[in-house]
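Novice: Here it is, the structure, as structure tokens.
The values are calculated or read from the model by the stated rules, or taken from the named source; none is laboratory data. Nothing here was measured: the structure is a model prediction, and the numbers come from that model. Cβ coordinates were reconstructed from backbone atoms using ideal geometry, including for glycine residues, and neighbour counts include every protein chain displayed.
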Amino acid sequence: MEQLAAATGIHMRRVNGVVNDSIGAKTRSGVSLAQLGVALTNAERWLEDPSSMPAGLPAPSGEDLDKLHGAELRRLLATYVGPLAGALREPIPFVQTQLNDWMGAPSRAEATDEQLRDAIMQAWAWIEDPDSYGASSQPEPPEPGGLPAPMRTKTAVADSSCNLCAAPVMAGELIGRMPRPRRPYVPMDWLCAHCLSDRRAKPRLTDVLLRIFHHTFSGSTTLLNTAEAAVLLDALLSVPVPEGDGHLQEALTALRQGIEAPEPVMQLSYHPAHAAVAAVHTAGPQEAAAGDAAVLTAVAQHLAEWQHNPQDIDQARYRNRILWRQAVLENTLTPTVLSQRGGPFWV
């Protein structure tokens with residue numbers, strides 16, 4: 001098999017799959033001697049003339065896929081599931097789930113045409129190079145205070161908005177999706193180029209506000225790197241700071257110490273973080289940069305709703321506070337760009 005893989009330039013797992021297909025078996029374990037003889041004969045023949053070996057599934061063409069819609073795309077995608085399961089050595093239900101996650105749809109039945117086309121292209125790529133699956137499904141962990149590599153990127157086919165920061169995205173611009181997070185975090189949809197790669201290294205006030213929002217949403221302490229701490233400190237130093245606000249003074253002290261500390265990440269606890277948001281918001285969203293105002297207003301609103309529960313949603317009905325916060329967000333009295341997106345997101 002190694003010689004045949006080297007001669008054809010096809011990954012050895014795929015070569016194994018082609019040999020098995022030639023004798024009508026999913027695996028050569030337990031097959032008859034006659035079948036093994038046929039497999040050996042086929043392998044020797046293909047080794048003498050590598051071009052004669054079946055290539056398996058043809059490479060999908062974007063032009064051809066554009067001509068297919070709905071059920072046609074779903075049927076075509078289904079033909080890739082078996083070969084992909086063989087190439088990855090994983091059960092078919094697992095492969096189906098991974099493809100659904102990849103295209104960002106609960107199931108093939110609920111996927112859009114664009115999502116189905118993306119899944120077909122990716123399934124073929126994983127079949128051709130099974131090792132690339134591991135790289136995309138198990139990315140390297142990020143450096144402290146940094147970001148993991150995107151799970152995938154592409155150019156936007158239509159105007160939309162970022163699923164994290166709500167910034168507009170024009171057709172033709174780069175968008176991408178981050179790796180699937182662990183619970184209780186929920187997957188994000190397509191993100192703008194800034195949120196994919198620069199939101200921690202070159203943070204805007206919006207990026208810091210979103211960290212406070214989603215960390216509060218998940219019930220965790222807000223973690224800020226040095227650049228993020230500097231952005232929030234600058235915002236606080238530009239607005240009036242009420243005397244006697246102990247939590248706000250605590251935030252200012254923590255931010256200054258975090259910026260000067262050698263550690264790459266600092267912690268900003270619940271009350272100081274909320275006091276910082278309230279101070280910047282009280283100064284007036286109009287004082288914020290144009291791109292920050294909508295997120296600032298939304299974060300301040302939802303933090304207040306989680307604290308005061310104006311909808312009077314009974315927390316005892318929910319298994320944990322995250323589910324309760326989700327219910328409060330979904331039933332907000334004034335929908336915002338954040339309530340439309342949900343969460344909590346792993347930011």
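Novice: Within region 112-137, how many residues are of a type outside the set (S, T, N, Q) and under 14 Å from Arg177 (Cβ atoms)?
Specialist: Here the count works out to 3.
Novice: Which of (1) at pLDDT 95 or above; (2) outside any loop (DSSP other than H, G, I, E, B) does Gln286 not meet, given it meets every other one?
Specialist: Result: Gln286 passes all but (1).
Novice: For Thr216, work out the one condition from (1) crowded, with 22+ Cβ neighbours inside 10 Å; (2) at pLDDT below 95; (3) among the polar types (S, T, N, Q) it doesn't fulfil.
Specialist: Unmet condition: (2).
Novice: Could you tell me which of the residues Leu237, Leu248 is at pLDDT below 95 and surrounded by fewer than 13 Cβ atoms within 10 Å (Cβ to Cβ)?
Specialist: Details: Leu248 fails: surrounded by fewer than 13 Cβ atoms within 10 Å (Cβ to Cβ).
Going through Leu237, Leu248 in turn, the sole match is Leu237.
Novice: A further question follows. For Gln267, state whether it is within 29 Å of the chain's Cα centre (by Cα) and among the polar types (S, T, N, Q).
Specialist: For Gln267, the condition - within 29 Å of the chain's Cα centre (by Cα) and among the polar types (S, T, N, Q) - is met.
Novice: For region 93-199, which fully contained helices (runs of 4 or more DSSP H) count at least 1 residues that are surrounded by fewer than 20 Cβ atoms within 10 Å (Cβ to Cβ) and at pLDDT 90 or above?
Specialist: 193-197
Novice: Moving on to the next point. Exactly one of these conditions fails for Asp234: (1) part of a helix (DSSP H, G or I); (2) over 16 Å from His274 (Cβ atoms); (3) within 22 Å of the chain's Cα centre (by Cα). Give me its number.
Specialist: (3)
Novice: I would also like to ask the following. Quick check on region 311-346: of everything there that is over 21 Å from the mean Cα position of the chain (by Cα) and basic (Lys, Arg), which residue is farthest from Thr222 (Cα to Cα)?
Specialist: Among those residues, the one meeting the criterion is Arg317.
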